[in-house]
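Visitor: Pasting in a structure now, in structure tokens, and then I'll have a few things to ask.
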């Protein structure tokens, strides 16, 4: 009896060891490139110009690569500022517009409602890559080509199908009684939306905001085409220019410090708000 | 509503006004979204088609040329090269992503100690952008200061450091590895949701009936996951057909333009050579391909599970 118990325990221990060995190994594989890049960004410039073996700095910790990065073009903070402005504005505008539209589609009856909803949702089928040239011309007509507001409007439009879908579902999940009660109390529609409904759909707002931030912070192709003035570049466009050698010999340490600057907000945001991110992912998956 | 008989209308007059106000309010709520979609999606879509029928330089007057752009496309060897390469890349990368993501999903499915940590680690590359990931891998792939070539050389696997970007195959497979690293976590989570949707009772019943784990996977798991697999497949295919960032940043379309994708080709025709009409014609072809994929997706997703 005790022998059999010992055998079971041994088998369990073996299974657990194997499971953790695989888990650790696979996790390491996926994290390694990020860690490698992070480590090289803290090497002195001369050391960063040699193969990263070993990956960690041997000649001491240094922020030289970050200092070199800061000097590119009109200064890296301009480009980081552009990226941040675009991402923040995209988040705010996307949230406001999808909040209003989600509420409208969830709670009101009006002519052509379903047509409009299907129209908005079905634009996910159309790749924006195929309408870049007309977008370029339209923005030029509106005087918004090569401006940050112009690119924000494009990003917002791209995120609307997903965001409106999320927000309508969020409002659908709120019982109608809550609104009726507030209306009896004499609250105006907007006051009620802000004070009563907003707190209830906040998880949906968080999901919409995270997706809008990550996508607009990381977007490359539209920014590459629509922002022609070097001062207006966002980080991905600027760093791709640095990598292609447009600013002289490529300083790989500086490029990796730029990669860190681009990755850090995404990783931080994901680790902090993972729950809302995965929710959005699975909501999209089951639709 | 306004055509109902007068008596009824009078009695429901106040309700009618309220109804109209309700309708107006609803329209106002959705108006900004509808406006944006019209101005930045529908109008450009119509324009893209219109432009594809023209010789449309960046400056100067567009000239109507009918279907000439499309006919020229058919005879353009570089267009076919880009299409062929995009198709090749899509097929290979999708197979490799699934070959990696499916085992990962099976591994990460059950709630076990530390599983959240492992899942998070595998998922991390998904949230960084393709731009940053490409810049990171461009460095790892560099022959002088990167990781792969010097490491292979120091381990004695190669006689001298190999420039991975010098030949098509090494460039292509390095980028495949990078894309798999970046997207496997995403597909893992999608497949995971499908796996968790299968009731444990069914699996348990099959186990008691003496089905082996392979039989259970083949006869129960796979059929019940059809919808999820279709979804992951379509997302992967659509994403790959539109690939651009990694080929532009890492390989610059090289060596010898052998890694120019469809979107890359549109980009260079429209915004490097400024043949806007020609680029638009190519865009319409790409659009047709993507819409076809979406329609197939809807078809596959509508069929009931396990049918």
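Visitor: Between B:227, B:18, B:119, which gets the highest mean-square fluctuation from a Gaussian network model of chain B, Cα cutoff 10 Å?
Guide: Maximum among the listed residues: B:18.
Visitor: Averaged across A:181-192, how many Cβ atoms of other chains sit within 10 Å of each residue's Cβ atom?
Guide: 0
Visitor: Would you give the gap between the C-alpha center of the stretch A:137-187 and the C-alpha center of the stretch A:35-95, rounded to a whole Å?
Guide: Spelled out, the Cα-based centre of one part sits 34 Å from the other.
Visitor: Report the FRET efficiency, 1/(1 + (r/R0)^6), for residue A:200 and residue A:2, where r is their Cβ-Cβ distance and R0 is 51 Å, rounded to 0.05.
Guide: Rounded to the nearest 0.05, the efficiency is 0.35.
Visitor: Then there's this: Taking R0 as 25 Å, what's the FRET efficiency between residue A:229 and residue A:77 from their Cβ-Cβ distance, rounded to 0.05? Write out the running numbers ahead of the final one.
Guide: Values: r = 17 Å, r/R0 = 0.68.
So, using R0 = 25 Å, E works out to roughly 0.90.
Visitor: Same structure, new question: Please identify, among B:283, B:212, B:270, the residue showing maximal mean-square fluctuation in a Gaussian network model of chain B using a 10 angstrom Cα cutoff.
Guide: B:212
Visitor: Decide, for the stretch B:77-302, between rounded, prolate and oblate: order the square roots of the alpha carbon gyration tensor eigenvalues as a ≥ b ≥ c, take rounded if a/c falls under 1.5, and otherwise choose prolate if a/b is larger than b/c, else oblate.
Guide: Taking the square roots of the gyration eigenvalues as a ≥ b ≥ c, the stretch B:77-302 is oblate.
Visitor: For the protein assembly as shown, what is Rg from Cα atoms divided by 2.2 N^0.38 Å, rounded to two decimals?
Guide: 1.08
Visitor: Let me ask something additional. For peptide B:138-150, compute the average count of partner chain beta-carbon atoms within 10 Å of each residue's beta-carbon. Please list the in-between numbers first.
Guide: Working: counts 7, 13, 7, 0, 4, 1, 4, 11, 3, 9, 1, 1, 4.
Mean partner shielding for this stretch: 5.
Visitor: Would you tell me the mean number of C-beta atoms belonging to other protein chains that fall within 10 Å of each C-beta in A:22-34, as a whole number?
Guide: Per residue, the number of nearby Cβ atoms from other chains is 6 on average.
Visitor: Something else now. Shape of the stretch A:2-66 from its Cα gyration tensor (a ≥ b ≥ c, root eigenvalues): rounded if a/c is under 1.5, otherwise prolate when a/b > b/c, or oblate? Intermediate results must be reported in sequence, preceding the final value.
Guide: Values: a/c = 5.56, a/b = 4.27, b/c = 1.30.
In terms of gyration-tensor shape, prolate.
Visitor: Ranking request for peptides B:27-37, A:249-259: highest mean number of other beta-carbon atoms within 10 Å first, then the rest in descending order.
Guide: By packing density, highest mean first, the sequence is A:249-259, B:27-37.
Visitor: By what distance, in whole Å, do the Cα atoms of chain A stretch along each of the three principal axes, largest value first?
Guide: 78, 69, 36
Visitor: How far apart, in nm, are two points set 7 Å out from the Cα along the Cα-to-Cβ line at residue B:106 and at residue A:169?
Guide: 2.9 nm
Visitor: Go ahead and set up a Gaussian network model of chain B, Cα springs under 10 Å, then flag whichever of B:158, B:183, B:261 fluctuates most.
Guide: Answer for the Gaussian network model of chain B: B:158.
Bear in mind that the values in this text are calculations on the coordinates, not laboratory data. Here the structure is a predicted model, which is why all the values come from computation and not from measurement. Here Cβ is always computed from backbone atoms with ideal geometry, including for glycine, and neighbour counts include all displayed protein chains.
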